[in-house]
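Chemist: Structure provided below as structure tokens; questions to follow.
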């Protein structure tokens with residue numbers, strides 16, 4: 001997927017949840033987040049835009065798998 005205005009931020013969270021994920025931005029707008037929650041032992045997607053293309057979703061999953069270790073941390 002060629003999208004010059006795509007930006008990825010790897011971010012961790014230890015306040016309301018405990019884990020790490022990727023935030024996907026187009027231009028300066030946050031579009032979605034994929035998060036690995038080590039406390040709940042779950043991986044979730046949160047959408048910040050009403051419609052996300054399948055192409056962007058597939059690329060985001062690929063980025064998540066490449067950037068974030070799959071195994072949960074105890």
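Chemist: Among the residues of region 3-20, write down those that are modelled with pLDDT of 90 or more and not in a strand (DSSP E or B).
Modeler: 5, 18
Chemist: Scan region 25-52 residue by residue and report those that are more than 20 Å from residue 66 (Cα to Cα) and assigned to a loop (DSSP other than H, G, I, E, B).
Modeler: Scanning region 25-52 gives 27, 28, 39, 40, 48, 49, 50, 51, 52.
Chemist: If you don't mind, another one. Taking into account only those residues within region 27-54 that are in contact with a strand residue (DSSP E or B) (Cβ under 7 Å, 6 or more places away or on another chain) and touching a residue at least 24 places away in the same chain (Cβ under 8 Å), which is nearest to residue 6 (Cα to Cα)?
Modeler: 31
The values are calculated or read from the model by the stated rules, or taken from the named source; none is laboratory data. Keep in mind that what you see is a predicted model, and the values were worked out from it rather than measured. Glycine also receives a Cβ, built like all others from the backbone with ideal geometry; neighbour counts cover every protein chain displayed.
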